[in-house]
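Some notes on the structure that comes next.
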Amino acid sequence: MAYEEQQPWCDVRIDACEPERRLAVSMIDSYGTWLLEMALTETDGTTELRFVQRLTSVEGIAEVGAGWEYYLDMLVASRDGSPLPQFDDYHPTMQPYYQALAAEASAPHA
């Protein structure tokens with residue numbers, strides 16, 4: 001987490017590893033448990049990354065979601081040589097989007 005304040009770290013456990021296809025990891029830090037999965041698929045010579053965070057609650061989703069958007073765009077910028085994004089462009093701008101997702105997830109379903 002090189003771009004986080006004080007550059008925190010934690011131990012990461014590899015839960016599943018399928019080389020060139022899928023990696024699932026979990027970790028625990030002061031914010032809770034993180035269950036992450038990255039899957040690669042190739043279509044017509046283009047590789048797509050699907051990033052999934054499995055949630056146990058939607059608490060804090062507005063902050064976490066914007067953070068992952070930022071880090072994934074940092075990955076894109078580093079791969080194609082474009083300027084690195086600025087975190088302030090993501091947070092708090094994206095908060096309403098993720099708050100709406102949290103509200104939808106929390107709403108009773110008929």
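The values are calculated or read from the model by the stated rules, or taken from the named source; none is laboratory data. What you are looking at is a predicted structure, and each value in this text was computed from that prediction instead of being measured. Neighbour counts run over all protein chains shown; Cβ positions are idealised from the backbone, glycine included. In case anyone asks, the SASA skips ligands and DNA or RNA and just uses the protein heavy atoms, side chains included. Shrake-Rupley method; radii C 1.70, N 1.55, O 1.52, S 1.80 Å.
Scanning the range 12-58 for residues that are in a loop (DSSP other than H, G, I, E, B) and free of Cβ contacts under 8 Å to residues at least 24 places away in the same chain yields a count of 8. Scanning the range 7-29 for residues that are under 21 Å from Phe87 (Cα atoms) and open to solvent by 100 Å² or more (accessible area, probe 1.4 Å) yields Gln7, Trp9. If the condition is being of a type in the set (Ser, Thr, Tyr) and surrounded by 12 or more Cβ atoms within 10 Å (Cβ to Cβ), then the range 62-103 contributes Tyr70, Tyr71, Tyr90, Tyr97, Tyr98. Every condition in (1) in contact with a Phe, Trp or Tyr (Cβ under 9 Å, 6 or more places away or on another chain); (2) modelled with pLDDT under 90; (3) of a type in the set (A, V, I, L, M) holds for Leu72 except the one numbered (2). Out of Glu37, Glu4, Glu59, I need the residue that is modelled with pLDDT of 95 or more, surrounded by 10 or more Cβ atoms within 10 Å (Cβ to Cβ) and of a type outside the set (S, T, N, Q). Which one? Exactly one of Glu37, Glu4, Glu59 is modelled with pLDDT of 95 or more, surrounded by 10 or more Cβ atoms within 10 Å (Cβ to Cβ) and of a type outside the set (S, T, N, Q), namely Glu37.
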